[in-house]
Structures are given as structure tokens and as C-alpha cells.
1. From (1) within 16 Å of the ligand (Cβ to nearest atom); (2) open to solvent by 40 Å² or more (accessible area, probe 1.4 Å), pick out the condition that doesn't hold for F67.
2. Looking at the range 16-25, can you tell me whether even one residue there is open to solvent by 40 Å² or more (accessible area, probe 1.4 Å) and at pLDDT 95 or above?
3. Could you look through the range 29-63, keep only residues that are open to solvent by less than 50 Å² (accessible area, probe 1.4 Å) and farther than 18 Å from Y3 by Cα, and pick out the one that is farthest from the ligand (Cβ to nearest atom)?
4. Collect the residues in the range 6-28 that are more than 23 Å from Q78 (Cβ to Cβ), more than 16 Å from the ligand (Cβ to nearest atom) and in a loop (DSSP other than H, G, I, E, B), keeping them in residue-number order.
5. State yes or no: is M1 farther than 19 Å from D106 by Cα, within 15 Å of the ligand (Cβ to nearest atom) and either of a type in the set (A, V, I, L, M) or at pLDDT below 95 (or both)?
6. If R37 passes every condition in (1) touching a residue at least 12 places away in the same chain (Cβ under 8 Å); (2) closer than 18 Å to F8 by Cα but one, which one does it miss?
7. Residue check, Y137 against (1) more than 16 Å from the ligand (Cβ to nearest atom); (2) at pLDDT below 95; (3) in contact with a strand residue (DSSP E or B) (Cβ under 7 Å, 6 or more places away or on another chain), all met but one. Which one?
8. Which one of these is farther than 18 Å from Y3 by Cβ, part of a helix (DSSP H, G or I) and modelled with pLDDT of 95 or more: L88, L108, L95, L115?
Amino acid sequence: MRYEGMIFRPPSEANSLILQVTVGCSYNRCTFCGAYREKSFRAKSFDEVKSDIDEVSSYGIRIPRVFLADGDALILPQKELVQILDYLNLKLNGLERIGTYANARDILKKEREELQNLKELGLAIIYWAWNRGTLRY
Ligand code: SF4
């Protein structure tokens with residue numbers, strides 16, 4: 001697994017595989033949050049993400065939970081998120097739940113049908129901008 005910089009995850013994702021699909025936060029201006037100040041936001045390429053999934057998959061262990069890092073992976077275009085979730089479902093043994101951080105802007109950019117599609121692919125929990133809320137949909 002190739003992580004860039006400090007990785008943060010919610011306490012309830014302590015036993016999850018942390019899969020870094022973006023680096024930093026696309027907004028990065030909340031006055032109360034300095035988590036990603038040192039990082040310039042970028043989306044990892046699918047090849048980078050695929051390589052990490054392939055590595056974990058090669059261990060042959062059961063991985064029920066995955067958390068998509070960094071600060072707001074939901075900012076990724078729908079097509080890219082679907083590609084990642086499809087590949088996780090294909091490769092990981094026993095996958096039950098995928099989670100991610102997001103902010104209100106990311107959520108509002110998605111159509112209802114897009115969020116529904118992500119849910120059907122296993123994205124079952126969104127941690128909404130740190131301690132401001134959790135969305136189960
Ligand atoms: S609280 Fe969330 S949206 Fe705001 S800067 Fe931190 S990671 Fe980004």
C-alpha cells in the first residue's frame with residue numbers, strides 16, 4: 001500500500017482497510033481543520049488504486065470493511081468512484097461495507113440516482129466533514 005502523508009480515519013474505521021484514492025482535501029479551507037493543510041489535493045489514478053487493491057487481494061484474507069481516504073473521496077467523478085467500487089467488489093473477499101469522508105459540497109454535487117448507485121455498490125456510510133455528522137442512506 002502506498003500512502004501519501006498522514007492518513008486520518010474515523011474511530012469506527014479502526015479495523016478497516018484504508019484505501020487512499022485521493023490525496024488531501026479538495027476544499028481544505030475549513031477554519032477548524034488542519035488535517036490536510038500540508039497536502040495539495042489530487043485524485044490518484046485508477047492504476048495507482050488498482051495496484052493497492054491487487055496487493056491486498058493477493059494476501060487472500062477476508063476484508064469486510066474498506067474506508068476510502070483522504071478528506072473527501074466523494075469528490076471523485078461518479079465514473080471513477082464506480083470503477084473503484086466495482087473493482088473492490090470484484091477483488092476483495094468478504095467485503096461488507098465501504099465508507100468515506102465527504103463534505104456537503106461533494107454530496108450536493110451528486111444526483112440522487114448516483115448516490116443510490118454508490119450505495120448499491122457497497123458505499124454504506126459517509127462521514128460528513130469530520131465531527132459534523134454521519135450520513136447513512
Ligand atoms: S473539515 Fe473536511 S472539508 Fe473541511 S478542510 Fe477538513 S477535510 Fe476538508
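1. For F67, the exception is condition (2).
2. Within the range 16-25, not a single residue is open to solvent by 40 Å² or more (accessible area, probe 1.4 Å) and at pLDDT 95 or above.
3. Once the filter is applied, the top-ranked residue is I63.
4. A14, N15
5. No, not satisfied.
6. Every condition holds for R37 apart from (1).
7. (3)
8. L115
The values are calculated or read from the model by the stated rules, or taken from the named source; none is laboratory data. Bear in mind that the values here come from a model prediction, so they are computed numbers and not experimental data. As a convention, Cβ positions derive from the backbone with ideal geometry for all residues, glycine included, and neighbour counts pool all protein chains shown. Keep in mind that these areas ignore ligands, DNA and RNA; they rest on the heavy atoms of the full protein, side chains included. Shrake-Rupley method; radii C 1.70, N 1.55, O 1.52, S 1.80 Å.
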